[in-house]
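*Asks:* Below: one structure in structure tokens.
The values are calculated or read from the model by the stated rules, or taken from the named source; none is laboratory data. Please read all numbers here as calculations on a predicted model, not as lab measurements. Backbone-built Cβ (ideal geometry, glycine too); neighbour counts: all protein chains shown. Side chains included, ligands, DNA and RNA excluded: accessible areas come from the protein's heavy atoms. Shrake-Rupley method; radii C 1.70, N 1.55, O 1.52, S 1.80 Å.
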Amino acid sequence: MAFKLTVNGQPTSVDVPADMPLLWVLRDVLNLHGTKYGCGIGQCGACTVHLGGQAVRACLTPVSAATKAPITTVEGLSADGSHPVQQAWMEIDVPQCGYCQAGQMMSAAALLAKNSKPTDKDIDTAMNGNLCRCGTYLQIRKAIHKAATIKTKPAQSARK
Amino acid sequence: MKNEQNTGLGRRSFLRVSALGGGVLLGLYAKPSLAQTPAPAAPGRGGRGGGRGGFGGELSPLAFISVAPNGVVTIMGKNPEVGQGIKTTLPMIVADELDVDWKDVRVEQADVDQVKYGFQSAGGSTGTPLNWDSMRKVGAVGRQMFVSAAAQTWGVPETELTTASGKVIHRASNRTVGYGELAATVATMTPPAAASVRLKDPKDFKIIGKATPAVDNLGIVTGKAVYSIDMMLPGMLYAAFERSPVVGGKVVSANIDEIKALPNIKHAFVVEGKQQQTPVLPGELALASGVVIVADYWWAAQSARKKLKVTWDDGPAASQNSVDYAKNAEAMSKTKPGRQLRNDGDVDAALKTAAKVVDVAYSYPFISHAPLEPQNATAWFKDGKVEIWSASQTPGGGKQSVAAAIGITQNDVTIHQVRGGGAFGRRLVNDYVAEAAYVSKQINGPVKLLWSREDDMQHDFYRPAGFQYLTGGVDASGRLIAFRNHFITWGQGDRSAASAMMSPAEFPARFVPNYQFSQSVQPLAIATGALRAPGSNALGFVMQSFIDEMAHAAGKDPVQFRLDLLGEPRVVEGYDAGRMSAVLKTVAEKSEWGKRKAAKNTAMGVAFHYSHRGYFAEVVEVSVDAASKVKVNKVWVAADVGSQIVNPAGALKMIQGAVIDGMSETMNQEITVEKGRVVQSNFHQHQIVRLTQAPPEIEVHFVTTPNPPTGLGEPALPPVIPAICNAIFAVTGKRIRTLPLSKSGFSWA
Ligand code: FES
Ligand code: FES
């Protein structure tokens with residue numbers, strides 16, 4: 001079946017079964033490998049993407065449910081690392097293996113989009129579904145607070 | 001001169017570019033290189049360190065370093081990168097001795113070539129200790145070559161030249177020249193012997209010792225970093241593999257034709273199983289029996305498994321159950337041990353004179369590694385040779401496994417090292433690498449084999465469970481005078497299963513005058529292997545919990561009892577009591593042990609453990625509420641890993657990560673076996689600590705000593721487990737002798 005998707009601002013069409021999870025459409029059909037597979041059952045958050053601005057688990061989202069709203073993956077935060085979350089992640093040097101971090105950053109970006117000054121409690125609620133097997137949680141928490149202090153890119157380039 | 005543009009832009013560059021979706025890496029191949037004709041190091045004697053390559057003679061800087069005319073320095077990261085940060089650490093060492101600025105350095109992952117790069121592996125916290133000397137020498141010899149080239153060019157004595165920031169300087173004539181301008185000359189020179197070259201005085205280090213962010217961070221945060229699971233080849237297909245649920249089981253029949261008829265399925269076939277895994281010591285070369293399904297995309301292959309109908313011959317392992325393991329151990333504990341491995345003094349006599357005797361049983365479970373990236377590899381078999389892309393921790397061993405699995409020679413196996421999403425010891429075994437090669441050969445084309453999370457958790461080489469029956473005695477003065485351990489583990493006869501042995505010298509052996517250690521084994525069907533801090537991750541729990549029990553039996557403070565046990569600073573059969581006492585004193589001081597007034601339902605626990613050349617002591621403060629909910633409030637770590645922390649940023653992350661990893665093992669992780677099958681299948685049944693459960697603070701203190709720098713991947717993990725259990729005892733009076741804690745009704749707050 002053909003499905004029309006908008007991924008990182010690009011309209012695209014894929015011909016796949018209706019129940020194929022968005023994760024595998026992104027990875028194996030569209031070759032967008034930033035979104036990762038960790039568990040396939042909504043336990044780890046490695047596959048987190050935005051669907052209409054909401055953080056969702058791509059492994060549990062059938063492609064047929066992803067046609068109505070724009071999809072953003074980690075590649076869509078920015079290609080050059082300029083998104084505040086990406087900047088903060090680099091500045092705090094968050095990653096160990098880094099495999100969970102696309103999902104972590106997508107959850108964090110969705111949180112910050114709604115809540116520009118999240119408290120530790122807000123971070124707890126937004127981030128508890130994202131596992132980090134390497135244990136970078138202390139850095140993740142710090143980086144979210146840091147990202148909240150970084151101005152978004154348009155503001156920066158406006159100054160130039 | 002070899003032109004990289006003509007020769008280097010073959011298939012390999014194309015693959016990299018396609019994997020990244022852009023041409024960013026082309027530059028690395030197009031630019032002139034110092035290493036245009038890298039001379040393989042001559043085979044020589046040489047061990048693994050000391051400036052030698054491990055597999056050959058001295059490592060050549062020509063293999064590791066290339067400098068572009070504009071001064072950009074490319075340094076090869078020799079070892080597999082699986083999150084331990086070695087791709088940053090080792091090039092930092094080279095760059096410092098080379099005397100270039102870190103901002104001018106780019107790091108590239110080396111392929112597997114142990115003649116050129118020396119021993120390549122990730123395991124045992126060996127990356128730093130085995131390469132510290134040799135990487136310094138690679139950098140220093142490289143620097144010397146630039147100095148010689150400048151001396152030749154200017155016709156001045158080398159002694160008049162200095163270097164800084166990638167330049168050679170002649171003060172007398174006020175001239176400087178960049179390494180980039182000298183690279184062409186250097187490429188024609190023969191490297192001098194490392195022994196003739198002076199290393200930096202550590203006080204002059206500019207990069208070593210500076211907190212340095214990991215080199216792949218930009219790629220990771222933009223989603224461009226290529227992990228093993230992200231590899232792409234032209235025309236590549238995707239494979240899933242339904243293995244026998246019981247180790248050693250075989251396919252009798254399967255509905256292959258039905259599967260082949262499903263949409264998007266390209267191949268389906270039965271794998272006989274090359275060499276049956278032996279129940280006791282699973283061989284690395286084994287190929288499991290099962291059904292492989294190959295499709296246009298992985299999800300099609302994976303979904304087709306639901307329609308598979310396989311008749312299995314389970315084999316003898318199907319009679320094994322975890323409940324029986326425990327019953328057997330209990331029965332064995334009451335009989336004469338299989339083998340006595342240490343007997344100091346006279347334990348029986350000492351126990352008779354003891355003022356207090358403690359006689360208890362400890363046990364701990366099987367654990368799965370569960371790195372977040374499930375096992376996978378990409379293989380391309382063509383014309384009798386195979387190329388592999390994988391995140392193996394032992395790529396050298398991977399060549400052997402692949403060669404044996406598909407019947408070719410190791411020379412016909414090429415392995416490319418790709419970043420791995422964690423490893424923790426799982427990727428020391430190359431079973432999935434051999435499988436990928438096998439599938440590629442069967443279908444005669446490029447293929448990515450990916451294990452599902454369920455495959456990963458149910459076909460692991462598990463941290464072995466164990467049972468320890470301990471008896472200890474303290475005398476009237478509160479001194480530990482007797483210690484007896486009957487260790488019940490896995491094996492057959494004199495052979496123990498992988499990672500399931502315990503050293504007869506395990507602490508507190510050597511520090512108790514009357515010490516007896518014996519071992520008995522029972523057979524095991526499932527495969528075992530090394531999990532981060534192998535052995536120590538369980539032994540630290542048992543020994544440091546039991547020592548805590550003895551401290552309380554003696555009526556002594558747990559820190560003081562341990563200091564008394566360690567005694568005067570001295571080295572006892574290789575164990576440096578002074579280094580351990582120092583970290584123990586440090587952690588007690590920093591945590592204000594015994595000085596802070598604890599809040600209600602809150603207390604501290606302490607433990608220390610030596611492993612992987614590192615001396616670690618840790619204090620944990622926990623709160624436990626009436627519903628047995630545990631909150632780890634703070635962890636203090638004191639560590640002695642020698643004279644120098646190469647990258648303090650990476651070091652901190654390794655230690656904090658190890659503490660959190662140890663917490664996961666403490667609370668929830670347990671693999672059980674029913675009818676030879678692993679019961680747990682995914683993270684809901686084998687839980688990892690989540691963000692809200694992690695302590696808000698993990699404070700780390702390094703005690704530096706004049707010893708060679710050693711590794712950090714592992715030694716921070718073992719002490720945290722007993723420290724938590726000892727803290728829970730301090731709050732609740734409940735002694736934890738069985739892991740995980742969830743079995744005793746505890747959960748995270
Ligand atoms: S892969 Fe989707 S939550 Fe784990
Ligand atoms: S950094 Fe490895 S799983 Fe999070």
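*Asks:* When segment A:38-48 is examined, which residues are found to be within 8 Å of chain B (Cβ to nearest Cβ) and open to solvent by less than 10 Å² (accessible area, probe 1.4 Å)?
*Replies:* Selection gives A:38, A:39, A:44, A:46.
*Asks:* In addition: Looking at residue B:381 and the list (1) within 29 Å of residue B:269 (Cα to Cα); (2) within 14 Å of another protein chain (Cβ to nearest Cβ), which single condition is not satisfied?
*Replies:* (2)
*Asks:* Which one of these does residue B:467 not meet: (1) within 21 Å of residue B:361 (Cβ to Cβ); (2) open to solvent by less than 10 Å² (accessible area, probe 1.4 Å)?
*Replies:* Going through the list (1) within 21 Å of residue B:361 (Cβ to Cβ); (2) open to solvent by less than 10 Å² (accessible area, probe 1.4 Å), residue B:467 breaks only (2).
*Asks:* Right, here's the next one. Can we say residue B:714 is part of a strand (DSSP E or B), charged (D, E, K, R) and either surrounded by fewer than 21 Cβ atoms within 10 Å (Cβ to Cβ) or assigned by TED's automatic domain parsing to the domain that holds residue B:624 (or both)? Show your work before the answer.
*Replies:* Values: part of a strand (DSSP E or B): no; charged (D, E, K, R): yes; either surrounded by fewer than 21 Cβ atoms within 10 Å (Cβ to Cβ) or assigned by TED's automatic domain parsing to the domain that holds residue B:624 (or both): yes.
For residue B:714, the condition - part of a strand (DSSP E or B), charged (D, E, K, R) and either surrounded by fewer than 21 Cβ atoms within 10 Å (Cβ to Cβ) or assigned by TED's automatic domain parsing to the domain that holds residue B:624 (or both) - is not met.
*Asks:* Then there's this: Give me a count of the residues in segment B:331-358 that are in contact with a helix residue (DSSP H, G or I) (Cβ under 9 Å, 6 or more places away or on another chain) and open to solvent by 40 Å² or more (accessible area, probe 1.4 Å). Walk me through how you get there before you give the answer.
*Replies:* First pass over segment B:331-358, keeping only residues in contact with a helix residue (DSSP H, G or I) (Cβ under 9 Å, 6 or more places away or on another chain): B:338, B:355-358.
Pick out the ones that are also open to solvent by 40 Å² or more (accessible area, probe 1.4 Å) and you get B:338, B:355-357.
Residues flagged as in contact with a helix residue (DSSP H, G or I) (Cβ under 9 Å, 6 or more places away or on another chain) and open to solvent by 40 Å² or more (accessible area, probe 1.4 Å) within segment B:331-358 amount to 4.
*Asks:* If we only count strands (runs of 3 or more DSSP E) wholly inside segment B:577-661, which ones have 3 or more residues that are at negative phi, open to solvent by less than 10 Å² (accessible area, probe 1.4 Å) and within 14 Å of chain A (Cβ to nearest Cβ)?
*Replies:* B:629-640
*Asks:* Does residue B:562 qualify as being in a loop (DSSP other than H, G, I, E, B) and among the charged types (D, E, K, R)?
*Replies:* No, not satisfied.
*Asks:* Is there a residue being within 16 Å of ligand 2 (Cβ to nearest atom), open to solvent by 10 Å² or more (accessible area, probe 1.4 Å) and within 14 Å of another protein chain (Cβ to nearest Cβ) anywhere in segment B:409-418? Steps first, please.
*Replies:* Going through segment B:409-418, the residues within 16 Å of ligand 2 (Cβ to nearest atom) turn out to be B:418.
Narrowing further to those that are open to solvent by 10 Å² or more (accessible area, probe 1.4 Å): B:418.
Among the residues that remain, those that are also within 14 Å of another protein chain (Cβ to nearest Cβ) are: B:418.
Yes, segment B:409-418 contains at least one residue that is within 16 Å of ligand 2 (Cβ to nearest atom), open to solvent by 10 Å² or more (accessible area, probe 1.4 Å) and within 14 Å of another protein chain (Cβ to nearest Cβ).
*Asks:* OK, next. Out of the residues in segment A:124-140 that are more than 15 Å from the chain's Cα centre (by Cα) and in a helix (DSSP H, G or I), which is farthest from the other protein chains (Cβ to nearest Cβ)?
*Replies:* Once the filter is applied, the top-ranked residue is A:125.
*Asks:* For the structure I just gave you, tell me whether residue A:59 is farther than 24 Å from residue B:235 by Cα and within 14 Å of ligand 2 (Cβ to nearest atom).
*Replies:* no
*Asks:* Please verify whether residue B:434 is of a type in the set (A, V, I, L, M), at pLDDT below 95 and either in a helix (DSSP H, G or I) or open to solvent by less than 30 Å² (accessible area, probe 1.4 Å) (or both), treating the condition exactly as stated.
*Replies:* yes
*Asks:* Just to be sure I understand the filter: pairs with C-beta atoms under 6 Å, separated by 6 or more residues or on different chains, first member in segment B:525-542 and open to solvent by 10 Å² or more (accessible area, probe 1.4 Å), second member of a type in the set (A, V, I, L, M, F, W, C) and not in a loop (DSSP other than H, G, I, E, B). Which pairs pass?
*Replies:* Pairs that qualify, where the first residue is open to solvent by 10 Å² or more (accessible area, probe 1.4 Å) and the partner is of a type in the set (A, V, I, L, M, F, W, C) and not in a loop (DSSP other than H, G, I, E, B), are B:530/B:428; B:532/B:717.
*Asks:* Given the criterion away from ligand 2 (no atom under 12 Å from the Cβ) and outside the structural domain of residue A:23 (by TED's automatic domain parsing), identify the matching residue among A:125, A:72.
*Replies:* The unique qualifying residue is A:125.
*Asks:* A further question follows. Going through segment A:90-108 one residue at a time, which ones are near ligand 2 (Cβ under 6 Å from one of its atoms) and at positive phi?
*Replies:* A:98
*Asks:* Being within 24 Å of residue B:85 (Cα to Cα) and either in contact (Cβ under 8 Å) with a residue 40 or more places away in the chain or among the acidic types (Asp, Glu) (or both) narrows it down to one residue among B:447, B:433, B:386; which is it?
*Replies:* B:433
*Asks:* Need the failing condition index for residue B:340 against (1) away from ligand 1 (no atom under 16 Å from the Cβ); (2) in contact with an Asp or Glu (Cβ under 9 Å, 6 or more places away or on another chain), just the number.
*Replies:* (2)
*Asks:* Checking the condition open to solvent by 20 Å² or more (accessible area, probe 1.4 Å), in contact with a strand residue (DSSP E or B) (Cβ under 6 Å, 6 or more places away or on another chain) and away from chain A (no Cβ under 14 Å), which residue from B:203, B:260 passes? Don't jump to the end; show me each part of the working.
*Replies:* Working: B:203 fails: in contact with a strand residue (DSSP E or B) (Cβ under 6 Å, 6 or more places away or on another chain).
Just a single option satisfies the conditions, and that option is B:260.
*Asks:* Quick one: residue B:696 ticks every box in (1) closer than 29 Å to residue B:212 by Cβ; (2) in contact with a Ser or Thr (Cβ under 9 Å, 6 or more places away or on another chain); (3) not hydrophobic (A, V, I, L, M, F, W, C) except a single one, so which number is it?
*Replies:* Exception for residue B:696: condition (2).
*Asks:* I would also like to ask the following. Identify, please: which residue in segment B:159-176 is out of contact with any Asp or Glu (no Cβ under 8 Å at 6 or more places or on another chain) and open to solvent by less than 20 Å² (accessible area, probe 1.4 Å) and is, among those, farthest from residue B:84 (Cα to Cα)? I'd like the intermediate steps shown before the answer.
*Replies:* The first filter runs over segment B:159-176 and keeps only residues out of contact with any Asp or Glu (no Cβ under 8 Å at 6 or more places or on another chain), leaving B:159-162, B:167-169, B:173-176.
When the remaining residues are screened for being open to solvent by less than 20 Å² (accessible area, probe 1.4 Å), the result is B:161, B:168.
Details: B:161: 37, B:168: 34 Å.
Result: B:161.
*Asks:* Criterion first (of a type in the set (S, T, N, Q), within 16 Å of ligand 1 (Cβ to nearest atom) and either within 14 Å of another protein chain (Cβ to nearest Cβ) or more than 30 Å from residue B:504 (Cβ to Cβ) (or both)) does residue B:452 satisfy it? Please lay out each step first, then the result.
*Replies:* On the way: of a type in the set (S, T, N, Q): yes; within 16 Å of ligand 1 (Cβ to nearest atom): yes; either within 14 Å of another protein chain (Cβ to nearest Cβ) or more than 30 Å from residue B:504 (Cβ to Cβ) (or both): yes.
For residue B:452, the condition - of a type in the set (S, T, N, Q), within 16 Å of ligand 1 (Cβ to nearest atom) and either within 14 Å of another protein chain (Cβ to nearest Cβ) or more than 30 Å from residue B:504 (Cβ to Cβ) (or both) - is met.
*Asks:* Further question: Pull up segment A:71-92, narrow it to residues that are open to solvent by less than 10 Å² (accessible area, probe 1.4 Å) and under 21 Å from residue B:656 (Cα atoms), then point me to the one that is farthest from the other protein chains (Cβ to nearest Cβ).
*Replies:* A:88
*Asks:* Also: Pick out the one residue from A:54, A:96 that is open to solvent by 10 Å² or more (accessible area, probe 1.4 Å), facing chain B (nearest Cβ under 8 Å) and not hydroxyl-bearing (Ser, Thr, Tyr).
*Replies:* A:96
*Asks:* Could you figure out which of (1) closer than 26 Å to residue B:733 by Cα; (2) open to solvent by less than 40 Å² (accessible area, probe 1.4 Å); (3) touching a residue at least 12 places away in the same chain (Cβ under 8 Å); (4) small (Gly, Ala, Ser) isn't true of residue B:551?
*Replies:* The failed condition is (3).
*Asks:* In the set A:116, A:64, which member is among the small types (Gly, Ala, Ser), at pLDDT 95 or above, more than 13 Å from ligand 1 (Cβ to nearest atom) and in a helix (DSSP H, G or I)? So that I can check it myself, show each step before the final result.
*Replies:* Values: A:116 fails: in a helix (DSSP H, G or I).
Among A:116, A:64, only A:64 is among the small types (Gly, Ala, Ser), at pLDDT 95 or above, more than 13 Å from ligand 1 (Cβ to nearest atom) and in a helix (DSSP H, G or I).
*Asks:* Against the conditions (1) within 16 Å of residue B:219 (Cβ to Cβ); (2) in a helix (DSSP H, G or I); (3) polar (S, T, N, Q), where does residue A:107 fall short? Just the number, please.
*Replies:* (1)
*Asks:* Within segment B:227-246, can one find any residue that is open to solvent by 40 Å² or more (accessible area, probe 1.4 Å) and more than 14 Å from every other protein chain (Cβ to nearest Cβ)?
*Replies:* Among the residues of segment B:227-246, at least one is open to solvent by 40 Å² or more (accessible area, probe 1.4 Å) and more than 14 Å from every other protein chain (Cβ to nearest Cβ), which makes the answer yes.
*Asks:* Restricting to segment A:37-71, name every residue that is charged (D, E, K, R) and over 10 Å from the mean Cα position of the chain (by Cα).
*Replies:* A:68
*Asks:* Ok, one more. Looking only at segment A:25-47, count every residue that is more than 6 Å from ligand 1 (Cβ to nearest atom) and in contact (Cβ under 8 Å) with a residue 12 or more places away in the chain and tell me the total.
*Replies:* Of the residues in that region, 9 qualify.
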